Amino acid sequence: MNTSNFDAPIQEKICHPELLTKLGQFKRRKLNRGAIIYHGSRERSPGTDYENKRLFGTRKWVSQDIITAVEYAYRYRTNLGNPLLWKLELKHDLICLEGSQFSLRNTGPWGVWFSEQFPNNFSIYAQEILGAHNSYGLLDHVKDGIAEEILVTNPEYALSTLTVSILPSDKQLVLQMADTFR
């Protein structure tokens, strides 16, 4: 299991009022149990255990769009092994807020650290807005009802791994063949 360079994020205890208000204006949506979603990573990416096909940590970014997941698999941390495509299934209905994380960047208490801190703290805001659940989602970059990015809290509770595929080094070839991974 890869736990190197994986620090559990520090989560705030209270919600920033202005951020809570703006998030509270986001649309509510439910992703149904059994929905297929994807995650792109590397073999030794933080918060992943490729050998045991496990995603862990307090949150994980995933996608309903396979192309977005493939792009992420090739984008970051090329020194952490081969690119991977995870095919996942929601184990439970996922209660979500739908809206742009980017639209909130000047609202929260973290200043320039917003894009790092907001995902780590999303669950306390979601709980305040949506009530008590074991996992929450933030649907971002939604086009034609498909969320290119989904922030899922408590991924071990919410997600079941169906397959993990090592992708070839030729990203363009993989993008052309993306439908074969569905």
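A compact table of results
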item	result
Among 132, 173, 102 - extreme Cα towards positive end, dipole of the chain, charges at beta-carbon	132
Net charge contributed by nearby residues that have their C-beta within less than 14 Å of residue 90 (K/R +1, D/E -1)	+3
Those residues of region 70-104 whose amide nitrogen sits under 15 Å from the label point placed on residue 160, 7 Å along Cα→Cβ	87-94
Label point 7 Å beyond Cα of residue 18 along Cβ direction - residues of region 92-113 with amide nitrogen under 17 Å	101-113
Cα-based shape type of region 101-147, given that a ≥ b ≥ c are square roots of the gyration tensor eigenvalues and the cut on a/c is 1.5	oblate
Per-selection Rg to Rh, the chain - Cα, Kirkwood hydrodynamic radius	0.96
Structure-based [θ]222 nm, the chain - -39500 (n - 2.57) summed over DSSP H runs of at least 4, per residue, nearest 500	-7000 deg cm²/dmol
Test item: Cα-centred dipole of region 45-182, Lys/Arg +1 and Asp/Glu -1 on Cβ, debye	280 debye
Theoretical gain in end-to-end length, residue 36 to residue 105 [0.36 nm per residue, Cα-Cα removed]	21.9 nm
Overall form of region 35-94 per C-alpha gyration tensor (a/c, 1.5; a/b vs b/c)	oblate
Isotropically averaged projected area of region 59-165, using the convex hull of Cα atoms (one quarter of hull area), nm²	7.5 nm²
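Coordinate-derived values only; no laboratory data. All values derive from a computational prediction rather than experimental measurement. Note: ideal-geometry Cβ built from the backbone for every residue, glycine included; neighbour counts use all protein chains shown.
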